[in-house]
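Below is one structure, written out as structure tokens, with a few remarks after it.
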Amino acid sequence: MQTRSGTAVCGDVELYYEDLGDPSDPAAPPVLLIMGVGAQLPMWPDGFCEQLVRRGHRVIRYDHRDIGLSTKMAGHRAEGSVYRRVARYAVGRTSPVPYTLVDMADDAVSLLDNLQIDRAHVVGASMGGMIAQVLAGNHPDRVRSLGIIMSSSGKAFSALPRWRVIRLALGGPGKGAPWEERLESEIRNISIINGPNFLPPVEQLRRRVEDLRARSDYPQGMLRQFDAILGTGSLLRYTRSIVAPTVVIHGSEDPMVRPRNGRHLARIIEGARYVVVDGMGHDLPEPVWRPVVEALTENFVGAEP
């Protein structure tokens, strides 16, 4: 699999990206992959991307602002209590924050500009699915098709995560905890979010956490990205404007973003198809790659003239 990497200047930030496949092949439609909160580009697994490339696509994955190898927004912070922002978000309202999902969607459009891509199949997972909704709503001319995986519109009174996930935010090691304690906590968190089905071995999860930490360890960025979600509020004003052929993919056992959120998305996007991947949680372990890729590529094909 051919891989090129680089840094694109996108307004006030620089985004690190990887471009997989053959960019010179006009028959290889570009696919832009947008990941979730605090998730660096390797969270789109190599094997998952390779399946898309083998099916004839050019795949672009990147680090959002504030994570990975992209620009860190050091010194920026939201004022006031995060609990107030959470309360406002729960009823669909916005809050003042350093940047919003609208800014992050504009980052993605700037990345396409840098790569001289007029239109792409856009696929977002979790927060990336929220960014993809904003992108498709604000920039319909840039989106060939839309794939939304394990995501939500953030509408007022959306279904909350399961209690076992909520407890993750309430517990965990303190700031000064040793790395081994933090490592075990992160492995435990992944296990809970992934769900009991298709859970990779503990050693594989450990390597994943260690590799990502070695690449970039910047928890402040994840907190600001979480604030970006809270600050944007409900996405319905963007979601209802989507005209791109859309598939909404959700795991039946997602404890983080409950399946009813995905069903709601598919109802409000005209013509959207809703695909449930049986047993999938809020992660992309290898056993779910094939059904997810098949649902996406079917949507890609249906979007072509």
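The values are calculated or read from the model by the stated rules, or taken from the named source; none is laboratory data. Just so you know, these numbers come straight off a predicted model, no measurement behind them. Note that we place each Cβ from the backbone using ideal geometry, even for glycine, and neighbour counts take in every protein chain shown. Note: areas computed on protein heavy atoms with side chains; ligands, DNA, RNA excluded. Shrake-Rupley method; radii C 1.70, N 1.55, O 1.52, S 1.80 Å.
For R65, indicate whether it is within 24 Å of E298 (Cα to Cα) and open to solvent by 20 Å² or more (accessible area, probe 1.4 Å). Reasoning before the result, please.
Working: within 24 Å of E298 (Cα to Cα): no; open to solvent by 20 Å² or more (accessible area, probe 1.4 Å): yes.
For R65, the condition - within 24 Å of E298 (Cα to Cα) and open to solvent by 20 Å² or more (accessible area, probe 1.4 Å) - is not met.
How do the pairs read when you match residues in the stretch 288-300 that are touching a residue at least 12 places away in the same chain (Cβ under 8 Å) with residues anywhere that are open to solvent by less than 10 Å² (accessible area, probe 1.4 Å) and hydroxyl-bearing (S, T, Y), using Cβ under 6 Å and keeping only pairs 6 or more apart or on different chains?
Pairs that qualify, where the first residue is touching a residue at least 12 places away in the same chain (Cβ under 8 Å) and the partner is open to solvent by less than 10 Å² (accessible area, probe 1.4 Å) and hydroxyl-bearing (S, T, Y), are N299/S145; F300/S145.
Hey, any hits in the stretch 269-291 for a residue that's surrounded by fewer than 17 Cβ atoms within 10 Å (Cβ to Cβ), among the β-branched types (V, I, T) and either at pLDDT 95 or above or closer than 16 Å to L146 by Cβ (or both)?
For the stretch 269-291, residues surrounded by fewer than 17 Cβ atoms within 10 Å (Cβ to Cβ), among the β-branched types (V, I, T) and either at pLDDT 95 or above or closer than 16 Å to L146 by Cβ (or both): absent.
Please go through the stretch 245-264 and pick out each residue that is crowded, with 24+ Cβ neighbours inside 10 Å and either in contact with a Phe, Trp or Tyr (Cβ under 7 Å, 6 or more places away or on another chain) or modelled with pLDDT of 95 or more (or both).
Across the stretch 245-264, the qualifying residues are T246, V247, V248, I249, H250, G251, G262.
Starting from the stretch 92-105, take each residue that is at positive phi and list its partners that are assigned to a loop (DSSP other than H, G, I, E, B) and of a type in the set (K, R), counting only C-beta distances under 7 angstrom and pairs at least six apart or across chains.
G92/K155
Just a yes or no: is a residue in the stretch 260-269 under 17 Å from A136 (Cα atoms), touching a strand residue (DSSP E or B) at 6+ places or on another chain (Cβ under 9 Å), without any contact (Cβ under 8 Å) to a residue 12 or more places away in the chain and not aliphatic (A, V, I, L, M)?
Yes: one or more hits.
Grab the helices (runs of 4 or more DSSP H) fully contained in the stretch 219-305, keeping just those with 3 or more residues being among the β-branched types (V, I, T). Walk me through how you get there before you give the answer.
Numbers: elements: 219-232, 236-239, 259-268, 289-303.
Counting at least 3 such residues, we get 289-303.
Of all the helices (runs of 4 or more DSSP H) wholly in the stretch 72-153, which have at least 3 residues that are buried (at least 18 other Cβ atoms within 10 Å of the Cβ) and small (G, A, S)? Please lay out each step first, then the result.
Values: elements: 82-90, 101-114, 127-138.
Per the criteria, 127-138.
In the set D46, D66, D113, D25, which member is farther than 18 Å from R224 by Cβ and in contact with a Lys or Arg (Cβ under 8 Å, 6 or more places away or on another chain)?
Values: D46 fails: in contact with a Lys or Arg (Cβ under 8 Å, 6 or more places away or on another chain); D66 fails: farther than 18 Å from R224 by Cβ; D113 fails: in contact with a Lys or Arg (Cβ under 8 Å, 6 or more places away or on another chain).
One residue alone meets the criteria, D25.
Which of the following residues is closer than 13 Å to M1 by Cα, touching a helix residue (DSSP H, G or I) at 6+ places or on another chain (Cβ under 8 Å), touching a residue at least 40 places away in the same chain (Cβ under 8 Å) and surrounded by 14 or more Cβ atoms within 10 Å (Cβ to Cβ): Q40, Q51? Give the derivation first.
Details: Q40 fails: closer than 13 Å to M1 by Cα.
Testing whether each residue is closer than 13 Å to M1 by Cα, touching a helix residue (DSSP H, G or I) at 6+ places or on another chain (Cβ under 8 Å), touching a residue at least 40 places away in the same chain (Cβ under 8 Å) and surrounded by 14 or more Cβ atoms within 10 Å (Cβ to Cβ) leaves just Q51.
Can you tell me which residues in the stretch 198-218 are assigned to a loop (DSSP other than H, G, I, E, B) and not small (G, A, S)?
Taking the stretch 198-218 and keeping what is assigned to a loop (DSSP other than H, G, I, E, B), we get 198-201, 216-218.
F198, L199, P200, P201, D217, Y218 - these are the residues of the stretch 198-218 that are assigned to a loop (DSSP other than H, G, I, E, B) and not small (G, A, S).
Can H57 be described as of a type outside the set (A, V, I, L, M, F, W, C) and over 22 Å from E286 (Cβ atoms)?
Details: of a type outside the set (A, V, I, L, M, F, W, C): yes; over 22 Å from E286 (Cβ atoms): no.
No, not satisfied.
Every residue in the stretch 1-49 that is among the β-branched types (V, I, T) and either farther than 16 Å from D113 by Cβ or out of contact with any strand residue (DSSP E or B) (no Cβ under 8 Å at 6 or more places or on another chain) (or both), please.
Residues of the stretch 1-49 among the β-branched types (V, I, T): 3, 7, 9, 13, 31, 34, 37.
The answer is T3, V9, V13, V31, V37.
Per-residue answers, yes or no, for (1) closer than 30 Å to S191 by Cβ; (2) of a type in the set (D, E, K, R):
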site	(1), (2)
Q225	yes, no
L235	yes, no
I242	no, no
V247	yes, no
E253	yes, yes
V257	yes, no
N261	yes, no
R273	no, yes
D278	yes, yes
